[in-house]
Amino acid sequence: MSLDVAKKMEAAVQRAGVVSWVGYHMRQAFSVQRVKALLEEAGWRVGLVVGRWWGGIVGGPGHWWWSADKGGGQLVEQATHIYDLARFLGGDVMQVYAELGREMYGDMEGFTVEDASAAVMRFRSGAVGVVTATCGAKKGGYRVEMDVFARDLQAHIEGTRRAIVYADDGMFTIESRNDPYFDEDYKFIMAVQGRGESEVPLSEGVKTLCLTLAALEAAQKKKVIYLD
């Protein structure tokens, strides 16, 4: 919730020389990693990234998630995974503008988080990104997805389950048969033991937090926020 605290954590890890790993599990899905490899092979000519985190309300009255002061709100606490995936596949973001809404559940006592959000981003590469999030989705209507459009291919990523890739000569599906939670834990243990490198060090988490907090700031100030 605090970029200042996150940067102090990052500095402490660097001073201590210890291994860190942030739990952005979507990066470990085989389908996601394969899409990234295909984008790299295609020259990274990404033009548009569209992400969705459509879920429901967590907990009940009195739960910490209901309070923006305790959990940061849906954009920071949940949709962070989609914002991170956007960075993973599209690169770092240069600027962001966002709007937040509380039309669905804003009248519920003790519920202070946004129930809808939409952000428009410009990546440093020049690509454009859009991420929407809501806690108003109903069971059966939950969506954790991302679509990536590049010069030579298009990919539709369905969470950590699979990806559908479209190219000029046809389409194919990439199934994720791995457990991304297990894989990130296993790789972290290997890195701690000196038998690998951290793929998602704390510095990556700081960058994604910087983006989500910038989106909140943009919504509050009603202006585009530029990221360092």
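The values are calculated or read from the model by the stated rules, or taken from the named source; none is laboratory data. What you are looking at is a predicted structure, and each value in this text was computed from that prediction instead of being measured. So basically every Cβ, Gly included, is an ideal-geometry build from the backbone, and we count neighbours across all protein chains shown.
Is at least one residue of segment 90-112 assigned to a helix (DSSP H, G or I) and at pLDDT 95 or above?
Yes: one or more hits.
Restricting attention to segment 34-43, which residues are outside any loop (DSSP other than H, G, I, E, B), surrounded by 12 or more Cβ atoms within 10 Å (Cβ to Cβ) and either under 19 Å from the mean Cα position of the chain (by Cα) or small (Gly, Ala, Ser) (or both)?
Arg34, Val35, Lys36, Leu39
Look at Ile174 and say whether it is within 16 Å of the chain's Cα centre (by Cα), surrounded by 15 or more Cβ atoms within 10 Å (Cβ to Cβ), in contact (Cβ under 8 Å) with a residue 60 or more places away in the chain and in a strand (DSSP E or B).
Spelling it out, it is not the case that Ile174 is within 16 Å of the chain's Cα centre (by Cα), surrounded by 15 or more Cβ atoms within 10 Å (Cβ to Cβ), in contact (Cβ under 8 Å) with a residue 60 or more places away in the chain and in a strand (DSSP E or B).
Could you tell me which residue of segment 49-68 is surrounded by the most Cβ atoms within 10 Å (Cβ to Cβ), considering only residues that are assigned to a helix (DSSP H, G or I) and in contact with a helix residue (DSSP H, G or I) (Cβ under 6 Å, 6 or more places away or on another chain)?
Top of the filtered list is Trp65.
Which one of the conditions (1) of a type in the set (Lys, Arg); (2) over 30 Å from Arg102 (Cα atoms); (3) out of contact with any Phe, Trp or Tyr (no Cβ under 8 Å at 6 or more places or on another chain); (4) surrounded by 13 or more Cβ atoms within 10 Å (Cβ to Cβ) does Lys187 fail to meet, given that it meets all the rest?
Every condition holds for Lys187 apart from (3).
Filtering segment 150-163 down to residues that are surrounded by 15 or more Cβ atoms within 10 Å (Cβ to Cβ) and among the charged types (D, E, K, R), which residue is farthest from the chain's Cα centre (by Cα)?
The selected residue is Arg162.
Output the number of the condition that Val46 fails; it satisfies all remaining conditions of (1) surrounded by fewer than 18 Cβ atoms within 10 Å (Cβ to Cβ); (2) touching a helix residue (DSSP H, G or I) at 6+ places or on another chain (Cβ under 9 Å); (3) hydrophobic (A, V, I, L, M, F, W, C); (4) within 21 Å of Thr173 (Cα to Cα).
Only one criterion is unmet by Val46, namely (1).
Can you find a residue that is touching a residue at least 60 places away in the same chain (Cβ under 8 Å), among the hydrophobic types (A, V, I, L, M, F, W, C), within 30 Å of Asp69 (Cα to Cα) and out of contact with any Leu (no Cβ under 8 Å at 6 or more places or on another chain) anywhere in segment 191-213?
yes
Which one of Ser20, Ser31 is of a type in the set (S, T, N, Q), in a helix (DSSP H, G or I) and within 26 Å of Asp185 (Cα to Cα)?
Answer to the selection: Ser31.
List pairs: first residue in segment 63-76 and without any contact (Cβ under 8 Å) to a residue 60 or more places away in the chain, second residue outside any helix (DSSP H, G or I) and among the charged types (D, E, K, R) anywhere in the structure, Cβ distance under 9 angstrom, at least six positions apart or on different chains.
Ala68/Glu114
Of the residues Asp169, Asp147, which single one is over 17 Å from the mean Cα position of the chain (by Cα), surrounded by fewer than 19 Cβ atoms within 10 Å (Cβ to Cβ) and of a type in the set (Asp, Glu)?
Asp169
Name the single residue, out of those in segment 5-27 being touching a Leu at 6+ places or on another chain (Cβ under 9 Å) and among the β-branched types (Val, Ile, Thr), that is surrounded by the fewest Cβ atoms within 10 Å (Cβ to Cβ).
Residue satisfying both the conditions and the ranking: Val13.
Looking only at segment 207-218, decide whether some residue is among the hydroxyl-bearing types (Ser, Thr, Tyr), part of a helix (DSSP H, G or I) and under 26 Å from Arg122 (Cβ atoms).
Looking through segment 207-218, at least one residue is among the hydroxyl-bearing types (Ser, Thr, Tyr), part of a helix (DSSP H, G or I) and under 26 Å from Arg122 (Cβ atoms).
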